[in-house]
Amino acid sequence: MAVSTRTPPPIPPNSPLKAETVSPWSVWAGPLALLGPSGLLLLLLLVIPTLVIFQLSLVPNIKPGDLVNPSGIANYLRVFEPLNLQVMGRSLFFATGTTILCLLLGFPVAYWIALNVSKKWRNLTLLGFVLPLWTSSLLRSYAWITILRPTGVLNSLLALVGIPPLELLNQSSAVLIGMAYSYLPYIVTILYASLEKLDRRLLEASQDLGANPVETFWKVTVPQTMPGIAAGSLLVFISSLGDFVDPELLGGASSMTAARLIYNQFLGATQNWGLGSALSMVLIFAVSIGIALLLKYGDRNAI
């Protein structure tokens with residue numbers, strides 16, 4: 001049987017089947033129109049200020065009104081002085097302690113909401129845990145001052161049952177309590193989103209195979225929710241690393257953190273903008289590492 005070798009007729013120039021030439025501008029016009037406003041906002045409020053801070057960090061002992069003349073990394077070397085390292089270490093301690101407390105307190109709550117509360121009341125129960133976020137962090141800190149001060153609510157209740165008063169205010173313990181309370185709703189919502197997707201058939205299979213609840217929790221529940229645990233922990237750590245209000249109001253002068261140290265360099269009596277900028281860049285770098293880890297290991301659907 002002979003095979004036809006005839007070629008199809010050419011498409012007329014005015015035919016709708018004729019492929020139109022797409023210009024590069026039309027390809028980029030749509031994305032630029034959508035991303036342009038937000039990109040401009042990020043450029044004005046994030047990129048340019050960060051570059052200005054980086055430039056100031058290269059000028060030693062600069063004060064308001066001085067000429068900006070970058071000349072070296074002397075300010076970054078001062079970051080590693082013992083006093084500054086102590087402050088940075090205290091910030092890491094508060095951030096780490098807050099993350100651990102939020103994880104220990106938030107996981108049982110999220111587990112209970114996701115697996116034990118009926119669907120009818122689940123959203124309402126979750127809403128109850130995020131209600132504190134509707135108030136100002138300043139008001140929440142003052143509320144804890146009322147509770148933890150020597151004549152506050154906590155010591156008044158302890159006195160009724162004959163327990164000696166506790167000295168919590170202006171201590172590290174008060175800072176950890178206030179910060180854990182502030183960031184607990186964040187980790188609860190993220191863990192809830194991760195636990196809600198938990199395959200309950202695996203839990204039942206684990207029980208059928210003879211595993212006790214503890215083994216089921218560590219070998220089934222935790223591995224499946226590890227991305228949510230990582231996302232919630234990193235989010236709390238990043239947020240608490242730069243917290244200013246809780247350490248300032250609940251910890252007093254003995255609980256100076258990196259945020260307070262930076263504030264003193266810009267608006268305090270010393271006003272060394274160069275050192276403050278260097279400290280800011282170190283903090284930005286640490287937060288950037290945390291965000292990169294969050295994007296790599298965290299559960300993006302739970303954030």
Next item on the list: Quick one: what are the phi-derived ³J(HN,Hα) couplings along the stretch 276-282, Karplus 6.51/-1.76/1.60 with θ = phi - 60°, whole Hz, x for glycine and proline?
Entry: x, 5, 4, 4, 5, 5, 5
Next item on the list: Read phi for every residue in the stretch 103-110 and hand back ³J(HN,Hα) as whole Hz from Karplus 6.51 cos²θ - 1.76 cosθ + 1.60, θ = phi - 60°, with x for Gly and Pro.
Entry: 5, 5, 7, x, 5, x, 5, 5
Next item on the list: Run the quick spin-label model on Thr270 and Phe93: label points 7 Å from Cα toward the beta carbon, then report their separation in nm to one decimal.
Entry: 1.9 nm
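Between Met226 and Leu85, what length comes free when the chain is fully extended (0.36 nm per residue of separation minus the Cα-Cα distance, one decimal in nm)? Mind dumping the intermediate values first?
Details: separation 141, 0.36 × 141 = 50.76 nm, distance 3.20 nm.
That pair, Met226 and Leu85, stretches by 47.6 nm at full extension.
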Note to self: Taking 28 Å as the cut-off for C-alpha to C-alpha distance, list the pairs among Lys119/Lys296; Lys120/Lys219; Lys120/Lys296; Lys197/Lys296 that go past it.
What the structure shows: Lys119/Lys296; Lys120/Lys219; Lys120/Lys296
Checklist line | Simple label model, 7 Å out from Cα along Cβ direction - Ser136 to Arg201, nm | finding: 5.2 nm
Notebook entry, point to check: Using the Cα gyration tensor of the stretch 156-252, with a ≥ b ≥ c the square roots of its eigenvalues, what is the shape: rounded (a/c below 1.5), prolate (a/b larger than b/c) or oblate (neither)?
Noted result: oblate
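Remind me, relative contact order of the stretch 52-189 in percent, using alpha carbon pairs under 8 angstrom and six or more residues apart? List each step's numbers first, then the result.
Numbers: 102 pairs, mean separation 33.2, N = 138.
Answer for the stretch 52-189 is 24 percent.
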Next item on the list: Could you work out the longest stretch of the chain that avoids the trypsin sites (Lys or Arg not before Pro) located in DSSP loops with at most 11 other Cβ atoms within 10 Å?
Entry: 19-299
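In deg cm²/dmol and to the nearest 500, what is the mean residue ellipticity at 222 nm of the chain if only DSSP H runs of at least 4 residues count, each as -39500 (n - 2.57), divided by the residue total?
Numbers: 13 runs with 194 residues, N = 303.
Rounded to the nearest 500, the figure is -21000 deg cm²/dmol.
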Next item on the list: Return the sequence-ordered ³J(HN,Hα) values of the stretch 284-290 in whole Hz as given by the Karplus equation 6.51 cos²θ - 1.76 cosθ + 1.60 applied to θ = phi - 60°, using x for Gly and Pro.
Entry: 4, 5, 5, 5, 5, 4, x
Check: Rounded, prolate or oblate: which fits the stretch 70-213, taking a ≥ b ≥ c as square roots of the Cα gyration tensor eigenvalues, rounded meaning a/c under 1.5, else prolate when a/b beats b/c?
Finding: oblate
Next item on the list: Note down the nm distance, to one decimal, between modelled labels 7 Å out along Cα→Cβ at Leu293 and at Phe217.
Entry: 2.4 nm
Margin query: Restricting to Cα atoms and excluding each atom paired with itself, what does the Kirkwood estimate give for the chain in Å?
Written below: 23.9 Å
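Below 8 Å, C-alpha to C-alpha, sequence gap of six or more: please give me the relative contact order for the chain in percent.
Reported relative contact order: 26 percent.
What percentage of all Cα-Cα pairs in the stretch 62-126 are separated by more than 18 Å? Present the calculation step by step, with values, prior to reporting the outcome.
Numbers: 1383 of 2080 pairs.
Result: 66 percent of Cα pairs exceed 18 Å.
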Next item on the list: Only loop residues by DSSP count here, and only those with at most 14 other Cβ atoms within 10 Å; note down the chymotrypsin sites (Phe, Trp or Tyr not before Pro) in the stretch 19-114 that meet that.
Entry: Phe80
Next item on the list: Quick one: check the C-alpha center-to-center distance for the stretch 118-136 versus the stretch 205-230, whole angstrom.
Entry: 26 Å
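Here, each number is a calculation from the coordinates, and none is a lab measurement. What you see is a predicted model; the values in this text were computed from it and never measured. Counting neighbours? That spans all protein chains shown, and the Cβs are built from the backbone with ideal geometry, glycine included.
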